[in-house]
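Here the structure is laid out as structure tokens; the discussion comes afterwards.
The values are calculated or read from the model by the stated rules, or taken from the named source; none is laboratory data. It should be emphasised that the depicted structure is a prediction, and the values quoted were computed from it without experimental measurement. With ideal geometry, Cβ positions are generated from the backbone for all residues, glycine too; neighbour counts draw on all protein chains shown. Keep in mind that these areas ignore ligands, DNA and RNA; they rest on the heavy atoms of the full protein, side chains included. Shrake-Rupley method; radii C 1.70, N 1.55, O 1.52, S 1.80 Å.
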Amino acid sequence: MTEQPIIQVIAQSDKGKVREQQEDRCVALALPNRQLALLLVADGMGGHAGGALASMTVAETVQQTLQPYLAALQPLPTRKLPEGEGEEAAPMVTQKLDLRTVKLADQQTQDDPPTVTELLRRTVQQAHLAVREKKADPENVALAQAGSTLTVALVIGRQLYLAHVGDSRAYLWRQSALRQLTHDHSGAALLVAAGMITSDEVRGHEGSHLLYRFLGGTDQEATPELIQIALEPDDLLLLCSDGLWGMMADAELALHLTAERDLALLARTLIGAANANGGQDNISVVLARIGEKG
């Protein structure tokens with residue numbers, strides 16, 4: 001019998017039924033024989049050119065910034081990450097990369113290495129500065145309003161570390177119960193906190209697109225929400241853009257999570273459901289299931 005990997009991951013995206021261009025980026029990197037994974041969703045904003053460039057810049061910067069740390073967790077021979085492929089080549093794009101194939105930058109020795117949470121905070125800052133640098137180029141006038149959300153997760157052993165800016169989301173599915181781990185940094189979410197609307201009314205609310213935290217604006221707007229939680233065997237993590245959660249209530253999302261265990265089929269099912277409900281935005285889905293060992 002083939003032994004199941006400790007952690008399974010998958011990432012899929014679709015441009016939806018309305019948008020002409022894919023402005024999301026999603027990544028799932030896993031080391032199959034260890035409980036180690038890097039997951040992220042970045043949702044670009046600020047027009048076609050600006051949104052696509054911003055999310056691509058964020059995704060690439062996060063991976064490059066975290067590479068030295070990931071290298072320290074696995075000593076196997078490695079080679080360079082492949083160049084990113086265009087998401088428009090196919091409606092369903094799956095990125096599943098083995099961390100053993102990633103060549104990581106030379107590590108810098110430090111007397112006091114950062115904690116994982118601090119590492120993620122610095123990574124978010126680097127991604128923010130990278131978007132700002134792109135926008136500062138005088139030849140990129142069309143990028144003046146460019147920005148991106150970012151929800152990035154590191155799974156190390158039985159610990160989940162999250163950094164989050166914007167309105168992409170991270171969910172935990174545990175023992176048939178769905179829990180939203182992140183808070184939306186949007187005007188609509190503030191109305192929910194004030195008791196003026198319900199969480200279900202966020203979907204479609206005009207304030208849901210007014211973000212007060214995102215990458216590429218001011219330093220204050222790029223301040224991340226940082227989360228650490230303990231994981232349990234068979235936990236399922238879902239990271240997604242608002243193109244998914246904005247198209248279905250949590251109750252419908254839970255039904256799909258209950259009905260399908262295969263991650264590839266589940267990702268396709270979720271994207272299909274979002275499109276069936278209107279597909280008003282780009283859709284990104286990242287899934288990670290925690291195995292029994294670890």
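Miscellaneous remarks
- Within the assembled protein chains, the solvent-accessible surface assigned to Met196 is about 130 Å², based on a 1.4 Å probe.
- In terms of its C-alpha gyration tensor, region 153-203 comes out oblate, because a/c is 1.5 or above while a/b does not outweigh b/c.
- Rounded, prolate or oblate (a/c below 1.5 giving rounded, otherwise prolate when a/b exceeds b/c) for region 243-294 by Cα gyration tensor: prolate
- Residue list for region 221-242, given a label point 7 angstrom along the Cα-to-Cβ vector of His209 and an amide N cut-off under 16 Å: 242
- For region 166-258, the solvent-accessible area works out to 45 Å² per residue, with a probe of 1.4 Å and every protein chain left in place.
- A cut-off under 13 angstrom between Cβ atoms defines the neighbours of Val165, and their net charge, with Lys, Arg +1 and Asp, Glu -1, is -3.
- The simple Förster model, with R0 at 22 Å and r as the Cβ-Cβ distance, assigns Ala49 and Asp219 a FRET efficiency of 0.40.
- GluC sites (Glu not before Pro) within region 188-294, DSSP loop, no more than 11 other Cβ atoms inside 10 Å: Glu292
- Accessible area (Å², 1.4 Å probe, nearest 10) - Arg25: 40
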